[in-house]
1. Looking for something in contact with a Leu (Cβ under 9 Å, 6 or more places away or on another chain), aliphatic (A, V, I, L, M) and under 24 Å from Val326 (Cβ atoms) - is there at least one such residue anywhere in the range 190-207?
2. Which of the following residues is touching a Leu at 6+ places or on another chain (Cβ under 7 Å) and either open to solvent by 30 Å² or more (accessible area, probe 1.4 Å) or at pLDDT 95 or above (or both): Val364, Val399, Val344, Val350?
3. How about the range 93-108: which of its residues are modelled with pLDDT under 75 and either of a type in the set (Asp, Glu) or at positive phi (or both)?
4. In the set Ser224, Ser258, which member is surrounded by fewer than 21 Cβ atoms within 10 Å (Cβ to Cβ), at pLDDT below 95 and assigned to a loop (DSSP other than H, G, I, E, B)?
5. Is it fair to say Leu294 is open to solvent by less than 10 Å² (accessible area, probe 1.4 Å), hydrophobic (A, V, I, L, M, F, W, C), under 22 Å from Val391 (Cβ atoms) and touching a residue at least 60 places away in the same chain (Cβ under 8 Å)?
6. List pairs: first residue in the range 96-109 and free of Cβ contacts under 8 Å to residues at least 40 places away in the same chain, second residue open to solvent by 80 Å² or more (accessible area, probe 1.4 Å) anywhere in the structure, Cβ distance under 9 angstrom, at least six positions apart or on different chains.
7. If I ask for residues that are more than 23 Å from Glu459 (Cα to Cα) and without any contact (Cβ under 8 Å) to a residue 24 or more places away in the chain, which ones from the range 40-88 would you list?
Amino acid sequence: MIRKHVPLVVLLATLLSLAAVATGGTATAGTTTAARQTLQLVIASITPDLPKEPATEIRVSGTLANTGTEARTGLRYRLRYSAQPFARRADMAAYLSGQEHVQPGGLRDESWLQQPLAASAKLPWEFVFTPQQLGLYRFGVYPLAVEVVDAAEQKLAVQRTFLTYLPKGTETPRTPRTRLAVVLPVIDQPHRADDGTFLDQDLTAALAEGKRLDDLLKTAQGVSSAKGVTWVVDPALLDDVRTLGRAHRVKAGAETVSRPADAAATRWLGALRTALAGSPVVATPYADPDVAALAHNGLDGTTRKGVAAAVRTGRELLGRDVVTDVNWPAGGVIDHDGLDVLSVAGVRSVLLSEAGLPPAAPAVTVPGAVAQPPATTPNAVATLQSVSGPVRALVADPVLSDIVGATASSPDWALLNRRRFIAETAMISAEPVTGRRTVVAAPPRRWSPDPAYVAGLVETAGSLPWLSPATLDAVKPGKVVTPRAGLTYTPQDRGRELGKKYLTGVRRVGERAGLVTSVTPDGPEADDSGMFDLALLRLASSAWRDRTRAAEPYVEQLRSTVDGRIDQVRIVGGEQAEQIRTLAGEDGEVPISVRNERKGDGSTVAVRVKVTSQKPGRLRIEPYEDRMVISGGQTQTVRIPMTITGASGGQTSVTVQLTTDDGRAYGQRVKLTVRSTGYTGIALVIAGAALLVMLAAVGLRVLRRRGARRAATAATPSRRASVPAGTES
């Protein structure tokens, strides 16, 4: 016997007086519309999840709330069902959307609400029945709906769900079981421009209790021991969190302030490392770059750098090797250009959406007929061809992916989504297909999970008799081959990419950053190279799709950092408006000093000094050693030999430019004015003769002085002899 709804006596007694005043009579059309907007029907519980006996008692219970300001009368609950199971998953989707004609159902039970439902009041309801009473006798997925109608048979509220029935003793609907691979992402947007400067405090906020990254950590902890879960992690997020856990800088407006280490960030990173220790981890290229946009704008090498950086950073932060030969393109779509770029970077598998690699449409045999979707669920595994050979494609099931990534939309969202997950996977396994298939569920890459919901869903998947949990690395091509229409990349997909204008700005910053790298003699392992490579990858992140304006401050900050680093190596005196050098004659040397103000490791630079005469016919630059290797904090000087030709005297200009070893200009060009005294060869002879005359005159004067001294010495004795005796006392 079916036990119908019995209102709570105590609650109804308190509502009678209000209801008597507020309501009366049959609902009008306007009142019915208002009721549709104010009645909230919630299914709170359906037990058990999977009945297996004809006499198993099934309980469906919930609440009805009046969220309006007026009481409602003449309400009835209805339980609707069908004893005919669904034949296709497409019919299930149509049923949920309200197309009830897809699966006609009878009325099993109904119950009048005996008293008015007052404003802001909530009443419980319950239906109890068995599969036998509903006429269910075989495995299948059946519709089940709870309705609220008024006295005029107008539907005021409805909740549709599914009842999956697997009679005990019947053979498992599919042997072998369907493989289910669940992919859970830990991906965010970049929060730093250069390596040490955060441009917002959003990361700190996201790590707080109950916020997105905290929920991601709790989700990882909740499913840490579950089978069949593969994590996709962006190493740039972990790197940002590590930097936050150290002394760092935050730019607030025009100021950049220093901040101490954030202990919460360090705890989060350590806890995530522990939670993922037993699960397979796939790493995106560093910062999850927009591969398709990079391929279409001639920045192919950026993807290779991202993969290499992911290997290093993933190992550092997770304490183990991560998988980088599996890629998940932004939006789950990629074209052949992007696929080729990925394959060259070492990617051997791509995770795509069904829109990116749809099943081949069946042939239309009737003229004018519309092609119908496949009657069975396609196998997730397919093979694509690239310039580097075959690439395995894993196609995510759109419905299962939406279920895993669902977020709160109503009080009963978690229950209804879990029941749909059970029903969808049961339908897949019941489809008339021979051979084993794989299905993949992948929520949006930047999802906000409910930890308890995801953990419960993964636990449910592991308990269903028709599913076999599998990680991505265990998914192999099987006997079931689903014909695919090929990679699909629409103009809309192209329009979602990072734009050409934005990436042109990023490219220019990258070219400037390349100058800093090229003058570092330590090579690509030097600190500057790694810093700017990672920063440029952050600028190319797919997180900036549809929001490049938000990325512009990051571009400007990196440009400022790069320019500041370039300016640390400069020509001394280059800041002056005019510099003058003088040649005393037809030729001479002009000193040029270069200062390196860099500090710390990797501060040594190697530059070349290029001097160019503005009038080569007037002033010629002679060969010289132009390469300088300068340690941090040091100044070196190179002497440039120059020769004046043509008329004597005057001045001309030269430009001095520091360059890289491959000839690219480095820093600002400096202009020098070179003056000549104008002394010719004859002038030098005259000057030499005058010098000889001067020396001769000096010599004669010296001889005369010596003669005078000799004469004075000879006269001294005679003067002594003339002195009388006795006067010397």
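1. no
2. The unique qualifying residue is Val350.
3. Scanning the range 93-108 gives a single hit, Glu100.
4. None of the other options fit; the residue is Ser224.
5. Criteria met by Leu294.
6. Going by the 9 Å Cβ cut-off, the qualifying pairs are Pro104/Gln84.
7. Matches in the range 40-88: Ala87 only.
Yes or no, residue by residue, for (1) in contact with a helix residue (DSSP H, G or I) (Cβ under 7 Å, 6 or more places away or on another chain); (2) β-branched (Val, Ile, Thr); (3) modelled with pLDDT of 90 or more:
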residue	(1), (2), (3)
Val607	no, yes, yes
Lys615	no, no, no
Pro623	no, no, yes
Gly632	no, no, yes
Ser653	no, no, no
Thr660	yes, yes, yes
Tyr666	yes, no, yes
Thr673	no, yes, no
Thr680	no, yes, no
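The values are calculated or read from the model by the stated rules, or taken from the named source; none is laboratory data. Computed from a predicted model, the values in this text were never measured in an experiment. Ideal geometry is used to build each Cβ from the backbone, glycine not excepted, and the neighbour counts take in all protein chains shown. Protein only, heavy atoms only, side chains kept; ligands, DNA and RNA dropped before computing areas. Shrake-Rupley method; radii C 1.70, N 1.55, O 1.52, S 1.80 Å.
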